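The values are calculated or read from the model by the stated rules, or taken from the named source; none is laboratory data. These numbers were taken from a predicted model, which means no experiment stands behind them. Note that we place each Cβ from the backbone using ideal geometry, even for glycine, and neighbour counts take in every protein chain shown. These accessible areas exclude ligands, DNA and RNA; they are computed on the full protein's heavy atoms, side chains included. Shrake-Rupley method; radii C 1.70, N 1.55, O 1.52, S 1.80 Å.
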Amino acid sequence: MRARLWKDRYLLLLGLPGIAYFLIYRYVPMAGLYMAFIDYSPFQGIAGSEWAGLKHFARIFEDPEIVQVLWNTLSISFLQIVFAFPVPIVLALMLNELRNQLYKRILQSVIYLPHFLSWVVVIGICTIFLKGNGVVNDLLKQGFGLAQPIPFLTDPSYFKPIVILQVIWKEAGWGTILFLAALAGVNPQLYEAATMDGAGRFRQMRHITLPAIRNTIVILLILRLGHVMDAGYEQIFLLLNPFNMEIGNILDTYVFFKGIGQSDYSFATAVGLFKGAVGLVLVLSANYIAKKLGDDGVF
């Protein structure tokens with residue numbers, strides 16, 4: 001074992017920053033989950049606070065607001081899976097069909113760029129375009145004679161479509177990287193053989209390209225299901241206002257308002273732990289189903 005560690009010392013040294021990141025920011029903070037089982041008081045500290053058992057977890061199912069919050073979280077997450085998850089796959093397939101490599105690289109760079117913008121910038125751009133006297137309402141007024149501006153940012157019915165469109169615009173290009181990497185491993189001779197057999201582009205895509213990235217799609221879908229209770233805290237928090245709070249308040253923002261806003265730290269920690277447990281169950285279930293259907297799964 002020591003000889004193996006010494007042999008791979010440079011590889012281990014290379015991975016040290018990543019290991020340190022997960023230890024410091026992922027594993028060490030898990031000690032704070034103990035707060036979910038006590039009536040935490042900042043004045044008494046964790047050691048001096050009284051044991052509460054599962055009281056705060058029971059409150060999750062007793063709080064009438066939590067039902068709406070859970071529905072908001074699940075609906076936004078599943079809308080992202082249905083509408084946002086397939087977009088990188090479609091983009092990767094389209095990029096894979098381009099034969100002009102220079103144009104392909106330029107196009108890839110353009111669609112990658114939104115990923116590097118923070119959500120603060122994205123929401124700021126969205127606000128400029130969608131506010132009452134913004135670009136979109138001005139265009140509708142000038143082009144279609146719109147009498148009253150459409151309240152995109154305050155009407156609850158527009159909240160979820162705006163969230164999904166923002167996610168697609170920001171992350172779809174970046175999500176193509178893994179699919180393009182999987183497509184790069186496809187043997188070109190398969191396409192040549194299919195062409196000789198008279199298969200067109202769409203038949204090649206159906207019978208060669210899609211099966212080649214099927215396992216990648218399944219793995220990413222399983223990992224995405226693990227975050228089904230994470231609908232995007234920063235994005236949602238920046239979009240929330242008194243008019244869309246009822247339909248936009250998700251678990252992450254609910255935890256923030258409860259834990260920081262109302263100083264109910266123990267209950268907020270219990271909600272966070274509950275959210276993580278649900279994600280774990282979904283990942284294990286999806287991985288089990290994937291293996292039963294013949295795919296490799298995550299583990």
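So the values come out like this:
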{"item": "Set Phe237, Phe267, Phe243: member being more than 21 Å from the chain's Cα centre (by Cα) and in a helix (DSSP H, G or I)", "result": "Phe267"}
{"item": "Yes/no for Asn215 being polar (S, T, N, Q) and open to solvent by 30 Å² or more (accessible area, probe 1.4 Å)", "result": "yes"}
{"item": "Scope the stretch 69-79; condition open to solvent by 20 Å² or more (accessible area, probe 1.4 Å) and either farther than 11 Å from Ile164 by Cβ or in contact with a helix residue (DSSP H, G or I) (Cβ under 7 Å, 6 or more places away or on another chain) (or both); matching residues", "result": "Leu70, Trp71, Leu74, Leu79"}
{"item": "Members of the stretch 32-57 found to be open to solvent by less than 50 Å² (accessible area, probe 1.4 Å), under 28 Å from the mean Cα position of the chain (by Cα) and either among the hydrophobic types (A, V, I, L, M, F, W, C) or over 16 Å from Lys258 (Cβ atoms) (or both), listed by number", "result": "Met35, Ala36, Phe57"}
{"item": "Selected residue (criterion: nearest to Leu95 (Cα to Cα)) from residues of the stretch 208-231 that are of a type outside the set (A, V, I, L, M) and touching a helix residue (DSSP H, G or I) at 6+ places or on another chain (Cβ under 7 Å)", "result": "Thr209"}
{"item": "Hey, Gly173 within 30 Å of Phe237 (Cβ to Cβ), of a type in the set (Gly, Ala, Ser) and in a helix (DSSP H, G or I) or not", "result": "yes"}
{"item": "Residues satisfying the stated conditions in the stretch 164-189, i.e. within 19 Å of Arg99 (Cα to Cα), surrounded by 14 or more Cβ atoms within 10 Å (Cβ to Cβ) and polar (S, T, N, Q)", "result": "Thr176"}
{"item": "Cross-chain or 6+ apart pairs with Cβ under 8 Å, the stretch 65-90 first and of a type in the set (Gly, Ala, Ser) and at pLDDT 90 or above, then assigned to a helix (DSSP H, G or I) and open to solvent by less than 10 Å² (accessible area, probe 1.4 Å)", "result": "Ala84/Ala172"}
{"item": "Sole residue being assigned to a helix (DSSP H, G or I), more than 24 Å from Gly226 (Cβ to Cβ) and in contact with a strand residue (DSSP E or B) (Cβ under 9 Å, 6 or more places away or on another chain), chosen from Ile111, Ile106, Ile46, Ile123", "result": "Ile46"}
{"item": "Lone unmet requirement of (1) more than 26 Å from Asn249 (Cβ to Cβ); (2) over 26 Å from the mean Cα position of the chain (by Cα) for Gly15", "result": "(2)"}
{"item": "Residue that is modelled with the lowest pLDDT, among those in the stretch 224-266 that are touching a Lys or Arg at 6+ places or on another chain (Cβ under 6 Å) and open to solvent by less than 30 Å² (accessible area, probe 1.4 Å)", "result": "Met229"}
{"item": "Set Phe159, Phe179, Phe152, Phe202: member being in a loop (DSSP other than H, G, I, E, B) and either at negative phi or modelled with pLDDT under 85 (or both)", "result": "Phe152"}
{"item": "Identity of the residue in the stretch 129-149, charged (D, E, K, R) and not in a loop (DSSP other than H, G, I, E, B), that ends up most open to solvent (accessible area, probe 1.4 Å)", "result": "Lys141"}
{"item": "Members of the stretch 228-285 found to be out of contact with any Gly (no Cβ under 8 Å at 6 or more places or on another chain) and of a type in the set (Phe, Trp, Tyr), listed by number", "result": "Tyr233, Phe237, Phe243, Tyr254, Phe256, Phe257, Phe274"}
